[in-house]
Amino acid sequence: MNKKHFIIGTLILAISVLIAYLTLVVKWEKVELEVGLSQAAKEEPLLAAKLLLEKHNISFTRLKSADSILQNNKITLNHNTSLMIDEAALLEHPQLEAAILEWVASGGHLIYVLSPQRSALNIDINTSLLDVLELAVQNNEDLYNPPYYILSKPQANTQLKEQQQTLSLYQPFTYSFSRCSGKSHYLIKNKVVVDKSKSKDDIVTENANADFDENIILICDTNYQQGFITFLPSIYALSTQSLKHLDHGAFLLWLVGKNDHLYYLPSFKTSNWLIKLWQWSWLAILLIVVAMIASIWYLAIRFGSAVTPINENKSLFKDHIRAMGNFLYAYHDQQLKKALLLDLEQAIANRNSHYKKMSNHEKAQVLSQLTGKDISTIKQLLTQDIPKQAHARIQYIQLFKALRKAL
């Protein structure tokens, strides 16, 4: 048998045996590893909620403006839909408040989410929807419950009991409600303990009879004429980083109920002056940045480069020549004059070999013919001593340079 064929056959057999061993003997285990949110999830904080709703044949639409659902100061949505709105959006669209109340009164479902900026934006003063329902909002900064990241599992701070179902929820809040005329869901005084022996898809609580603080209402579900409104302290429980925890997924489905579409109108209102300027005119921000860059560039050019270029590095020979020139310029007028005249003679020697023997008048005539300069000016240069004044001295040397360059 050919040696080459034998080696190839042996390799194929070894690889086949290895594959059979890995397939039949080695026990493979599928591991799910969370490495963080995808780019799509970062751009859409409610992406997980959208996917969950679509799985249950419920549509989700994130509105860019109230104009898409508002026509002739009336909400165009039908009563088989739910509208979730950040209360700060009411400041951006003042005409929306009365239209929402009219829509809810005729049978609509509104999910009203408190804004974390309500104090900075003076929402209590600028909106009256809560006053119509006689619902009060209280500041609970001393009891602030922060949001958790996707890998952190929070403990429930409220429970939602509907018929035979009890949902454990974590609602981070800075503000809470009081005087809810409908059904209230309160803050749990003692943290609910989650049974870790259960799977994450079947989370139940051991402490079903939790002790509630009836002074702090986290969720208020109330009727308003033919419709109803659900008030939430934040949207965190429905966000992508929180929906997998506790019973937040079931809470989202309870929130929408039998409706087939959920609309969400976020707020772009902010107290940050830089973001406000960007929203007002991004071009203004761009012009400011370009102006700053241009100013830095101008100052760098005006006051010199930060690093000395290679061709300007110091050398002893250049320093020596420069020092000699400065010395001759300042103290040895005759030597400087002689050096200037010698430079002219060397430049014209190839064109007129008798130039050295000529008189100053004849030299001036020759130079005038060759360069086109005025003969009287040239004669004055050849005969006059170097001026003592700095400005006149510079002009004198520049005339010599002009003659030399013209030859």
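Laboratory data are not the source of any read-out in this text; all were calculated from the coordinates shown. Here the structure is a predicted model, which is why all the values come from computation and not from measurement. Neighbour counts are summed over all protein chains in view; Cβ atoms, including those assigned to glycine, are modelled from backbone coordinates with ideal geometry.
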Problem set entry | Environment charge of Asn352, counting only residues whose C-beta is closer than 13 Å and scoring Lys/Arg +1, Asp/Glu -1 | +2
For this session: State, to one decimal in nm, how far the label point of Phe327 lies from the label point of Met358, with both points 7 Å from Cα in the Cβ direction.
Result: 3.4 nm
Problem set entry | Set Lys356/Lys401; Lys64/Lys153; Lys318/Lys379; Lys30/Lys153 screened for pairs whose C-alpha atoms are more than 30 Å apart | Lys64/Lys153; Lys318/Lys379
For this session: Work through the residues other than Asn73 whose Cβ is under 15 Å from its Cβ and net out their charges, Lys, Arg +1 and Asp, Glu -1.
Result: -2
Problem set entry | P(r) of the range 316-406 over all Cα-Cα pairs, binned every 5 Å from zero, in whole percent | 2, 13, 23, 25, 17, 11, 7, 2, 0
Problem set entry | Calculated FRET efficiency for the pair Leu11/Lys258, C-beta based, R₀ 60 Å, to 0.05 | 0.40
